[in-house]
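Okay, so here's the structure we're looking at.
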Amino acid sequence: MESEFFKASLLDAVIPDDTVTGVSQLVGADGEILNDNGRLLTIKEREILFFVDEQLRTYAVLRLPHCDEDTLKTLLSRLSFKIDVWAFDDSVRNELDAAAPPPKDLVFTLENIQENEPIVLASQSPDRGQTLTLIWEVELAINRPRLRTSQTSIVLVPSGIITAAEEGENGQNTDLTPFQPLDSNVLEPMRLIPGLDRTPPYLAASRLERVLPVASRSKPRIHIPQVPSRRHRAVPAVIARVHYSKLSTFSPSMTNLALLDIEIIPYIPVEAVVEHIDLVLGNGRTESVMPEFLPMHCRSGDCLTFMYKLYQGMDSGVPLARAVVNPNVDILSIKVRVEVTLSSRCRPVVIMAWTTHVDFTQALNPAFGPPAQPIQRANRPASLPVSSGNGPSTAMIATATSPQPTYDVALRSGLSITFTASDAPVYVGQAFTWKILVVNNSPTLAKIAIIPLPRIHRQTTQAQLFARRHAPKSSTASFHPSERRHTKSGEDADIAQAVVDENVVYAMHHSNLVPPETDLMTLTAELRIGPLAPGQCHESEIQMVAFESGTLRVDAMRVVDLIQEAGQENVNTSVMADIRSLPDVVAKSLAT
């Protein structure tokens, strides 16, 4: 009788297209009812699933024959209801034999659904009679499958098992009847032990049983049938990747710049909102360079990049669970929450969470040139970085990534220089100023000169090759016999070479390139600061003017150590350093 009752039951898992309306209103809405007899709930379902960690709103449905409330509670206490989420690769099924099963992977399982309170609907039909429909609203996490798929489909498989009722107690463990004589004491000889004569131990002989191995009997189970599963097409809603860039800063704590790229699905018209991004280091701290950009609205095909500074922690007491082989490698936890809008009532939520490793190992040669000399001589101290032999300047000392153009450069001698751009807009043809703050943290006297270099003209490799090919040579016309001068002694004397040789003119015309038009010019040719005593600071300004609208850049600011330059006879590049990490100039044209 009980088996026939459950065989008449059915299970189903329904994915509603409406993610905003409640289940009670959605089931009772007449406008959303479809004519589909093969489903337990005739509501509009989703056609496309976003399987990248989407929190999928699902209805677990159980239809039973009509029964009273007490019987229903008893059945639910014996019910085990779960939903398995499987990912299939439909492309392999189309290419191979149709009889072969396609590759699949279990991406999520939700168990013990029956423990929550369901919504009970009573209905009556001429075919089935009176029935009860139980609806549980649950959330399924559609994780990314472990197998590589090109055409992914998601299948929800509900399963329900009813265990048999437990047999009643046989009366063996009941209490003793009053005024019943006790059985013989098995521990009677222990009364002779000193100390136990007043409170002798007692164990009735009837409580002892012979232990025999008994084969365990499995309880009978009844499987509830289910509605045939449907396949739902799945596509990735959001693609996220992270890459790092090392900051060449001379600071005790190592810093990396994390670039988090987020791409919205390009081939389905959707609107998305990046609501929240959280980056957490296991032993360190993170700082958002773009804190005011969230939440960010975007559309299909948009590619977004969020920048974060990662600071390695200097705490040596790292727990053993997080310890790794390399102390410069840390664990970064990333969590992204995106709301995708398919329609006014369909707004699925995608939550991506993963962990990755960050390498804080400092580069052996951050300047990307030949390594500096390990031995410092008296005329080449460590006050300024030693440049490479390929050029007169060193690589940039610090990289600034803050949106407000304030940049700090800490030289090795303890001399810090800060370039700050004005908040006022820059217009074409009007002068603007940069503030320069120099702080002498070294124990010695400092005196420097700052030379702005808006443009550093470099000759291309092709031009250099062309110039060497047509290098000036000795003129053949200068040694022609007709150009000899006759003296009185009769000996001929050679005429000097031409002042302007045709080879020289030819090489100058073809090797020198036309310089580009000047878009940014400095009005301050040189700025001398000092002498500065230890602990003193000085603030000054540099004026510049822009001739073109748009985003302009200053190539470098050359810093010359005047004290070291005065102590050397020849010009040495060790007394100079080029600062290339400078604020950008956004020039606007004047309104006519």
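The values are calculated or read from the model by the stated rules, or taken from the named source; none is laboratory data. Values in this document were obtained by computation on a predicted structure and should not be read as measured data. Cβ sites come from the backbone with ideal geometry, for glycine too, and all protein chains shown count toward neighbours.
Points to keep in mind about this one:
- Residue match in region 513-521 (condition: outside any strand (DSSP E or B), touching a Leu at 6+ places or on another chain (Cβ under 9 Å) and at pLDDT 80 or above): yes
- S77 being modelled with pLDDT of 75 or more, over 25 Å from P220 (Cα atoms), out of contact with any helix residue (DSSP H, G or I) (no Cβ under 6 Å at 6 or more places or on another chain) and of a type in the set (S, T, Y): no
- If you go through region 269-294 and keep only what is closer than 19 Å to E54 by Cα and surrounded by 14 or more Cβ atoms within 10 Å (Cβ to Cβ), you end up with V270, E271, A272, V273, V274, E275, I277.
- Leading residue by the ranking (farthest from T420 (Cα to Cα)) among those in region 541-557 that are modelled with pLDDT under 90 and among the acidic types (D, E): E548
- Hits in region 105-117 - residues which are in contact (Cβ under 8 Å) with a residue 24 or more places away in the chain and surrounded by 11 or more Cβ atoms within 10 Å (Cβ to Cβ): D105, V107, F108, T109, L110, E111, I113, Q114
- Scanning region 275-290 for residues that are in contact with a Gly (Cβ under 8 Å, 6 or more places away or on another chain) and not in a strand (DSSP E or B) gives a single hit, N283.
- Check on V155, in contact with a Leu (Cβ under 6 Å, 6 or more places away or on another chain) and at pLDDT 75 or above: no
- Residue match in region 263-274 (condition: part of a loop (DSSP other than H, G, I, E, B), of a type in the set (F, W, Y) and under 16 Å from A237 (Cα atoms)): yes
- Qualifying residues in region 558-570 (those that are charged (D, E, K, R) and within 21 Å of F419 (Cβ to Cβ)) - the one surrounded by the most Cβ atoms within 10 Å (Cβ to Cβ): D561
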